[in-house]
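Worksheet: one structure, shown below.
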Amino acid sequence: MTIRASTTADMGEVAALVRASFAERLHPFMTYAQSGIAAFLGAITEHPLLFPGHRLLTCEDAGGRVTGFAEFRVDGQNGLLSYICVAPAARRSGLAKRMIANFLSENSGLTRLDLDVFEENEPAIHLYEQLGFAGMDRSLWLTRHLPAPAEGNAQPVNPAGALAAYVRYGFCEMPVRYNARSHRLGRIGARTLRCFEAEDFGDEALLAAVRHLLPELDIALLISPADQAQRWNGQNVNVSRRMSLDLRARLSAGAAT
């Protein structure tokens, strides 16, 4: 197996591998399960200067078939493992460990590597624990039905840009100006409105006004820390956990040598 930087030519196989790794019930809430994810990841490989800090790795077998993929992000001395997946036939062969090790070897100045993992994915949690990741802060994925459309003073901030991104990728950020305040929202697929702020998830008037602009939307999604989720009236459809790998000792050892 060979691990290398991802290329645009990989992205058709990568997109199929990524989508298949999500349970179908979660597809409406996952940006990487949408129709244009190959185009989105391809944009990162084609225009790396527009996506600073992104690192995409592909693993391929002797026949050139994609067997694994990982996306990392670097922000100063902190790293984030945004996504990692391995083809079913190649699992339990150490590919995930090798992709993480490859990234860390090429980014030796990091002091921490974070990741989010679905709570139901016990094999992955066990793997990360073996690698030294710790910490189990939980987030609940809450959904609710949107209220009926109602006219309001909601105005999209950049409608042309949001529409272009949605048509190409199947998801987009969709900031809205409402009651003299900007609200960071997003669209995932045909039906889901992503709320990044808990207060927006509970704001009936705002949601009704947004649905007036896009009546096909009918579900709102909020990813909330578990200790705050009880404040919001929503159905829990998923649980994710944040884990971190402390790399300071490794960094200190490298400096000493």
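Observations, loosely collected:
- Among residues of the stretch 66-96 being closer than 24 Å to M30 by Cβ and loosely packed, with under 14 Cβ neighbours inside 10 Å, the one that is farthest from the chain's Cα centre (by Cα) is A89.
- Residues (touching a Ser or Thr at 6+ places or on another chain (Cβ under 8 Å) and among the basic types (K, R)) located in the stretch 95-112: R112
- G234 passes every criterion in (1) modelled with pLDDT under 95; (2) under 30 Å from L104 (Cα atoms); (3) buried (at least 20 other Cβ atoms within 10 Å of the Cβ) apart from (2).
- Residues satisfying the stated conditions in the stretch 57-81, i.e. small (G, A, S), modelled with pLDDT of 95 or more and over 13 Å from T2 (Cβ atoms): A70, G79
- Selection over the stretch 156-190 of residues that are under 21 Å from M30 (Cβ atoms) and charged (D, E, K, R) gives a count of 4.
- Residue check for L245: assigned by TED's automatic domain parsing to the domain that holds Y32, among the aliphatic types (A, V, I, L, M), under 30 Å from Q77 (Cα atoms) and touching a helix residue (DSSP H, G or I) at 6+ places or on another chain (Cβ under 7 Å): yes
- Within this structure, R112 passes the test of being surrounded by fewer than 20 Cβ atoms within 10 Å (Cβ to Cβ) and touching a strand residue (DSSP E or B) at 6+ places or on another chain (Cβ under 9 Å).
- Against the list (1) free of Cβ contacts under 8 Å to residues at least 60 places away in the same chain; (2) within 13 Å of Y83 (Cβ to Cβ), the condition F51 fails is (2).
The values are calculated or read from the model by the stated rules, or taken from the named source; none is laboratory data. Being a predicted model, the structure only gives us computed values, none of them experimental. So basically every Cβ, Gly included, is an ideal-geometry build from the backbone, and we count neighbours across all protein chains shown.
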